[in-house]
Every structure is written in C-alpha cells, then in structure tokens.
Amino acid sequence: MVKILAFSGSARRDSYNQQLVKLAAKGAQEAGAKVTIINLADYPMPIFCQDIEQENGMPEHAEAFKNLLLTHHGLLIASPEYNSAYSPLLKNTLDWASRATSKDEVPLSAYKEKVACIMAASPRAMGGVRGLSSLRLLLSNMGVTVLPQQVTIERAYSSFSQGRLVEEDKSNQVMRLGRQLANILQRHLDE
C-alpha cells in the first residue's frame, strides 16, 4: 500500500497550510493511499548545528521525523511563505532529517526515491508561489522528485472557513493533487 507523509511548514495553531495539507491528504486517502498527517509543532528540535549533532547525536524528535520519512513513499508538503521563501521551521526539519545517523548511512537517504507534491497558502495576493519555487529547488537538490503540479491559495484569511476552502474549485484542485500523488506512487509500486 502507498504510504504518504503529510505536513506543513507551520506550527501556528489554526495554520492555513496545515488545513491545506489535510485537504490534499483527503484526496490521497480517497485514491487508496495510507496517509500519516503530522504537525511539526509535535516535533520540536533545535536549529541545526553540527556541534549539537557531534556532542549529542540527532535530537529525539528529529530522529522520529526522519524515521517517518524512511517509512513513507511520498510527501504532501504545504509551506507558508516567509519573505519569498519557505519557512525556517520546514528548512530546519528537512536539514536534520538529511543527516546520516550511522557511519555506513549515506546522507540524504531519508529522501531517496521520494515523490512530493507541494502547495502553499498565504495571506498575500501571490499565494506563496515564490516560496514554492525555492522549496521545489531544495527538495530536488535533496533527491526528491517534485511533481510539476502545485496549488497556491492567495488571501488565505478569506479563503478558508472552518478548516475548509470556500471555493469548491480550489478545494477540488487540492484534493486532485493528493490523488495524483497517490496514483503515481501506486504505479511505481506496481512496476
């Protein structure tokens, strides 16, 4: 069975991006995937520093997140846009999980053969599209195949109501993103 890990780069309560990734997860579930939805607020970790890593090893929550990556085939990621880039929380989390935890492990192994869909919700008129460009580059450089389709939600404060997107068309686009990821991963597993 296809397993997908879904999370956002926001730890804010009532985060629009967490709501967005949950909607995409619903689409993936409807396509038959098993989806694990997490909130990065539940995985607090220090800012990556090699001194911390050398003195204490990988922090407990970083290792738990990395283990989730290792046990899932695909990723649904929503990121808020911070000054035209993805969130620092997301970058730090991805950085910690990129590290090898044993001498024989290849760095970035948690990202090997992963396929991802990315999306963003923003209070701004561009909907987070600039942040997704840099996120796409980061994930690709880490070895993740990022599907070309993405969804952005502009003016998020008025686009969501009670955890749902107001516009049905946008809601369908987000769910289609999740279904598409599930279907592509299933085809890979069937090969």
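Only the coordinates and a few stated rules stand behind these numbers; no lab work does. Predicted, not measured: the structure shown is a model, and the values here were computed from it. Ideal geometry is used to build each Cβ from the backbone, glycine not excepted, and the neighbour counts take in all protein chains shown.
A few remarks follow.
- Computed E for Met126/Gln54 - FRET, C-beta separation, R0 41 angstrom, nearest 0.05: 0.50
- Overall, the ratio between the Cα radius of gyration of the chain and 2.2 N^0.38 Å, rounded to two decimals, is 0.99.
- For the chain, adding -39500 (n - 2.57) for each run of n ≥ 4 DSSP H residues and dividing by the number of residues yields -13500 deg cm²/dmol at 222 nm.
- Distance between the C-alpha centres of the range 44-71 and the range 90-114: 10 Å, rounded to the whole angstrom.
- Once the C-beta distance of Arg13 and Asn83 is scaled by a Förster radius of 25 Å, the resulting FRET efficiency is 0.70 to the nearest 0.05.
- Here the gap between Glu105 and Asn172, fully extended at 0.36 nm per residue and compared with their Cα-Cα distance, gives a gain of 20.1 nm.
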